[in-house]
Amino acid sequence: MYKKAVALTIVIIFCSVAISPALGTTISPSIKISHTSKITKDPKTTNLDYPLPPPITTDMVLEESIFRRKSVRNFTEDPVTDEELSTILWAAYGLREDNTSTVPGVGGINGAVIYVLKEDAAYTYDPDNHSLVFYKAGDWRDIVGWQYYAPVQLGMCYDTNKIDRNLAGAEIGMIDQNIQFMTNALGLGSVVTAQTPSAIDPLGIPENQEGFTVMPIGHPDYDSYDFVYRPFWISLLPRIKNSNMTLSTALEEREESISFGDTISRFEMSQMIWATSGFSLYRDKSDEKYQKGRHRTIPSAKGYYPLDIYAVKNKAIYYYEPNILTKIFPVPVDFVGFPIVTYLKPVKIGNHKLTIADACSEPSIADAPMIILFILDREKTRPPGSPDLSADSLLHIWYHDAGAGAHNVMLDAAAWGLKANIYEIEDQQAIIDLLKLNEDITIPILAVPIGR
Ligand SMILES: Cc1cc2nc3c(=O)[nH]c(=O)nc-3n(C[C@H](O)[C@H](O)[C@H](O)COP(=O)(O)O)c2cc1C
């Protein structure tokens, strides 16, 4: 049995190395943008405010921006234009045509505040007027964003009167995801950074606010988005496809639903589960210091990726394995174009959607043909020989992963004509009991129902 497994693995590696170059196509980073008058309100014009021009819409297809999501850490001194900044901030946390936020928050709560650090001063972003509001004079970029130099630094904070630290982590995960997608679509780059105490503290933010992530924004200092299309997918799950929807449209169209039709196709199931944290069909060929071969659909602190994802369907609950090869091999398996060997493993037979609906205090969840669960395995936040990030005070870091993954599902659901929503799992013990998980190391975080 063991010999067979080894032989099969060798065959897979051989096929991967031999076949992948034939499948590979270099991706040209062609980016087209067009102007739009999405923001119709007049910006405030006080002396202290800094009105932003209307954001531009990009024609990058949503999945393309997910495939290309990566951390960029080195930037040139070329400035970020006001138009680019406007577009990134609109994607991050702006208002859509219907006056709702580009970020749903969890349970509809939006408690984030974005600080924008430019050469001349620090500002906060005002979504209502799509403008920058003066906060403090001086150049704070290198003080707050001490890890990486960039022409603009964005500091994501939250209002402690509106939202608790963990849910703020999830909301900021969504905001940061939009920032990475939009910088990427504009040919710019960004990376999520976080440390304790928060890097923004020296700026002196109000007492009712807490800082979390800081993201440098700028032009990559070499060809960071140098990808090759390597869709080598070994799975019974249908392979991921590009939709026809652009990132800008998905941000505008994404909606939270409380009613669901009762079917979802195998392809849709595969696409939605992949959006949570799956591997890109692109291989990163750039010289980026920490480049990962194949990136995943979300960032994760230290690259730990400690969330377990489950798909709850009518007849069973399944565990999602994004790529088993990353567990078998101690080296970055995708480095030479290894395949994505992905599957769903049944872990519990029967229809358990009512239990999940009860755990989230939201009856409509039980009608959805699929519910995705985001569950933290704390053991994975303290891998042997690496920094231990399993403390209670750091839990919001992992809520960030859950928020980013759930938001991806919301966007991709919109792109495929599906509906979804994001709920906090309130009764965590009910889910631990349902899945027979170890309560000492498990924290069920979010449930995302998806349907038509
Ligand atoms: C909450 C959070 C905090 C992070 N903090 C840092 C950081 O302080 N410095 C850094 O270089 N990268 C940081 N990262 C980026 C991860 O290292 C990166 O996402 C991971 O290694 C995967 O690489 P990729 O994003 O290029 O695919 C952070 C990511 C997250 C989600």
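The values are calculated or read from the model by the stated rules, or taken from the named source; none is laboratory data. Please read all numbers here as calculations on a predicted model, not as lab measurements. Quick reminder, even Gly has a Cβ in these numbers, built from the backbone with ideal geometry, and neighbours come from all protein chains shown. Only protein heavy atoms, including side chains, enter the accessible area calculation; ligands, DNA and RNA are left aside. Shrake-Rupley method; radii C 1.70, N 1.55, O 1.52, S 1.80 Å.
A few remarks follow.
- Straight-line cross-link reach from Lys353 at under 20 Å between alpha-carbon atoms covers these aspartates and glutamates, not counting any fewer than eight positions away in the same chain: Glu256, Asp262, Glu268, Asp308, Glu362, Asp367, Glu424, Glu426, Asp427, Asp433.
- Distant-in-sequence amide H partners of Thr213 (H built 1.01 Å from N, under 5 Å): Met156
- Taken about its Cα centre, the chain carries a charge dipole of roughly 2140 debye when the Cβ of each Lys and Arg holds +1 and the Cβ of each Asp and Glu holds -1.
- Amide proton proximity set for Ser190, modelled H, under 5 Å, gap of 5+: Val72
- Cleavage-rule hits, GluC sites (Glu not before Pro), the range 68-127, DSSP coil, Cβ neighbours within 10 Å at most 10: Glu77, Glu97
- Simple point charges give the picture: +1 on the Cβ of Lys and Arg, -1 on the Cβ of Asp and Glu, and for the range 227-451 a dipole about the Cα centre of about 1140 debye.
- Estimated distance in nm for a label pair at Glu77 and Asn242, the labels positioned 7 Å out from Cα along Cα-to-Cβ: 3.7
- Charge dipole (the range 227-451, unit charges on Cβ, about Cα centre) - positive-most of Ser259, Pro238, Gly350: Pro238
- With 22 Å as the limit on Cα-Cα distance, the pairs of Lys345/Lys380; Lys70/Lys289; Lys70/Lys302; Lys302/Lys380; Lys70/Lys162 that go past it are Lys70/Lys162.
- Taking θ as phi - 60° and the Karplus parameters 6.51, -1.76 and 1.60, the scalar couplings of the range 246-262 work out to 7, 4, 4, 5, 4, 5, 6, 8, 3, 9, 8, 10, 10, 9, 9, x, 9 Hz in sequence order, x denoting glycine and proline.
- Charged neighbours of Asp223, selected by a Cβ distance under 13 Å, balance to -2 (K, R count +1; D, E count -1).
- Annotation note: chymotrypsin sites (Phe, Trp or Tyr not before Pro) in the range 169-261 located in DSSP loop regions with a Cβ neighbour count of at most 14 within 10 Å are Tyr222.
- Whole-Hz ³J(HN,Hα) from phi, Karplus 6.51 cos²θ - 1.76 cosθ + 1.60, for the range 208-222, glycine and proline x: 7, 10, 10, x, 10, 9, 10, 10, x, 10, x, 8, x, 8, 7
- Judged by the gyration tensor of its Cα atoms, with axes a ≥ b ≥ c, the range 227-451 is oblate; a/c meets the 1.5 cut and b/c is at least as large as a/b.
- Efficiency of FRET from Cβ geometry, Lys136 and Ser361, R₀ 30 Å, rounded to 0.05: 0.15
- Where GluC sites (Glu not before Pro) fall in DSSP loop in the range 152-231, at most 16 other Cβ within 10 Å: Glu207
- Folded to 0 to 90 degrees: helix 2-23 orientation relative to the chain principal axis, Cα: 50
- Heavy-atom accessible surface of the range 227-451: percent carbon and sulfur, 1.4 Å: 52
- Length released on extending from Arg382 to Asp120, taking residue separation times 0.36 nm less the Cα-Cα span: 90.3 nm
- Amide H contacts of Ile445 (H built 1.01 Å from N, under 5 Å, at least 5 apart or other chain): Phe374, Ile375, Leu376
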